[in-house]
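Input: a single structure, listed below in structure tokens.
What follows is calculated from the coordinates using simple rules that are stated; it is not laboratory data. Worth saying up front: this structure is predicted, and the values here are computed from it rather than measured. Virtual Cβ from ideal backbone geometry, glycine too; neighbours counted across all protein chains shown.
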Ligand SMILES: *Cc1c(COP(=O)(O)O)cnc(C)c1O
């Protein structure tokens, strides 16, 4: 059998130049081609191993090529892949039941989709529809500066990063952003035209910034004052990563809507919006839909993920490992001149640097066999799988220490 590349005479070119010839250049990729994975390890096309401490952006919480997820996917693929949402399929109902149970929301209602942006997009429509039941202009949203909610037009508008907005404006006037650490500003921004307030409990893409409890409390109070919906975007923090099933469960407030995605199917594309209370009644038939969302294969993958997390008690394990990771990072702060501090929660941590050389440190780490990412110019994100071991934490800390001492890092720091 000839491959497409052989057929077109492209086989001799390296993948980067083939990609450049055919793909829109939306990604700045690291110079590595991953070809396989197992547990916390990735293997490149030459067979070299890497310790994956970013988990495909907080996605592969059970590690790569998890055998039970693979078996569930294969078995369901042989049984039934797709019917559309015109018909009942059992795996998606079971998934929604599992979400209710793990959230502890017996009355909650679920919409299943394919990504984090889609979960947030669904929540925009739900909360707007709900707001309009009060009055026609109750469509405003208050969100936090530094928040990240997706790249579609509506979720980009929610995202609190003006530089990402500018090239795509106009995005409409329906979102007001307030600082992530100012409860008074948040309270003041919420008025009768507000249908929802959007928060992450830890801002992931925004740089791994925990949102203070006072801000979450103010958001809850402001929503209650005006009859708005509190939306927790838990796409990155949900499904165990912070040491609770969902990040809000470790906070002093309960949201009305939770958006999930990343880790829910351990790498297969899934999203979920879960709503409780009056907003959960806002959608009727035809108000929202998706062709693929909640399909049997993805739902079986997600069901297996939730089963394995429960059975193997990975939620408390994540809390334990998070504390262990924190201790190791704290040691780095004590021993490395470049490591300045840390922030985060559970297994979502950032090591902050005294200088804006995180990109160079992440590249040096990759060279040494450790996958981490520069989540800000001066911060390295660590989001290891929930199945990491203490020995792997030690290995990662040692590799990161080595990366910070790399000659190219010294050059970038001009020392
Ligand atoms: C990643 C992320 C999203 C977007 O998810 P996609 O699957 O990339 O659309 C939304 N919100 C948060 C908090 C995220 O971390």
Quiz item: Rounded to the nearest 5, what % of the DSSP beta bridges within the chain are antiparallel ones?
Solution: 65
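Do you know the relative contact order of the chain, to the nearest whole percent, from alpha carbon pairs under 8 angstrom that are 6+ apart?
Once divided by the residue count of the chain, the mean separation gives 20 percent.
Starting with the highest mean, order 239-251, 63-75, 394-406, 27-39 by the number of other Cβ atoms within 10 Å, averaged over the residues of each peptide.
Ranking, from highest mean packing down: 239-251, 394-406, 63-75, 27-39.
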Quiz item: Beyond 21 Å, what percent of the Cα pairs of the stretch 72-221 remain?
Solution: 55
Practice problem: Just rank 148, 283, fewest to most, by other beta-carbon atoms within 10 angstrom. | Solution: 283, 148
Exercise. May I ask you to give the average projected area over all directions of the convex hull of the Cα atoms of the chain, in nm² rounded to one decimal?
Key: 21.9
Quiz prompt | Kirkwood hydrodynamic radius (C-alpha pairs) into Stokes-Einstein, the stretch 292-400, 20 °C and 1.002 mPa s, D in µm²/s | solution = 142
Self-check item: Cα-derived Rg to Rh of the stretch 132-197, Kirkwood definition
Solution: 0.98
Practice problem: With a cut-off of 17 Å, note down the residues of the stretch 362-405 whose backbone N falls inside the zone around a label point 7 Å from the Cα of residue 163 toward its beta carbon. | Solution: 374-381
Quiz item: If you project the alpha carbons of the stretch 180-247 onto their three principal axes, what span does each projection cover, largest first, in Å?
Solution: 34, 19, 17
Quiz item: How large is log10 I(q)/I(0) at q = 0.14, 0.15, 0.21, 0.24 Å⁻¹ when the Debye formula is applied to the Cα atoms of the stretch 338-385, each weighted equally and without solvent?
Solution: -0.29, -0.33, -0.64, -0.81
Self-check item: At 1.306 mPa s and 10 °C, Stokes diffusion of the stretch 1-140 via Kirkwood alpha-carbon radius, µm² per second
Solution: 79
Quiz item: Tell me, how many Å apart are the Cα centres for the stretch 161-225 and for the stretch 312-377?
Solution: 26
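For 115, 193, 84, what's the fewest-to-most ordering of other Cβ within 10 Å of each Cβ?
84, 193, 115
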Exercise. Please arrange 152, 411 by counting, for each residue, the other beta carbons lying within 10 Å of its beta carbon, fewest first.
Key: 411, 152
